[in-house]
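The values are calculated or read from the model by the stated rules, or taken from the named source; none is laboratory data. What you see is a predicted model; the values in this text were computed from it and never measured. As a convention, Cβ positions derive from the backbone with ideal geometry for all residues, glycine included, and neighbour counts pool all protein chains shown. Please note that ligands, DNA and RNA were not included when accessible areas were found on the heavy atoms of the full protein model with its side chains. Shrake-Rupley method; radii C 1.70, N 1.55, O 1.52, S 1.80 Å.
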Amino acid sequence: MTATPAWSQIFRCVDDEGHVTYSNVAASKNCKRMQLEPANSASAPAKTTGRTPGAAANPTPVDFPKVSGDAQKARDNDRRAILTQELANEQKALEQAKKELAEQEAVRLGDERNYQKLLDRLQPYKDKVALHERNIQAINKELANLK
C-alpha cells in the first residue's frame, strides 16, 4: 500500500500594512505563488553501507579511553555481586509481602459483607506481591545477561 502525496499551491500574501499570510488561494494581487518541494511522509529505506546493523556512523577515535579486560571483569563481578544482593533483598521482600497477604486473607472485617470490599482491601497486598515478583524476574534477566 502506498501513499499518494497531496499537492496544493501555497501563496504568500502581504497586505498594505505589511502583514504576511499564507493561503492556498491568491486573495489579492499582492500574493505570490511559492515554489515548494513535495513533502515526503514516508521514511527513506535504509542504506546498506557494509557496516553491521547498529554500528556507529563515526568510528571510535583511536585515543578514546578504553577499559582493560581485567578492569571490565572487576566491574562485571561488582555488578554481579550487587545484583545478587538485590535479588536476595527482593526475595525477602516477596516472602514478607506473601505473608502479609496471607494474614489479610485470613481476616474478615465486619463491614466486608460485600465481597468487593474484601477484594478492594486485599488488592494493595496483591499488587505488592506482583511488584516483587516482577523485580525478581528483571534482576534474574540482568544476571543472565552478564558474561
Checklist entry - Of everything in the stretch 69-109 that's of a type in the set (G, A, S) and surrounded by 13 or more Cβ atoms within 10 Å (Cβ to Cβ), which residue is farthest from A130 (Cα to Cα)? => result A93
Checklist entry - Do any residues in the stretch 58-75 that are part of a loop (DSSP other than H, G, I, E, B) have Cβ atoms under 9 Å from those of residues that are at pLDDT 80 or above and open to solvent by 90 Å² or more (accessible area, probe 1.4 Å), where the two are at least six apart or on different chains, and which pairs are they? => result T60/K66; V67/R75
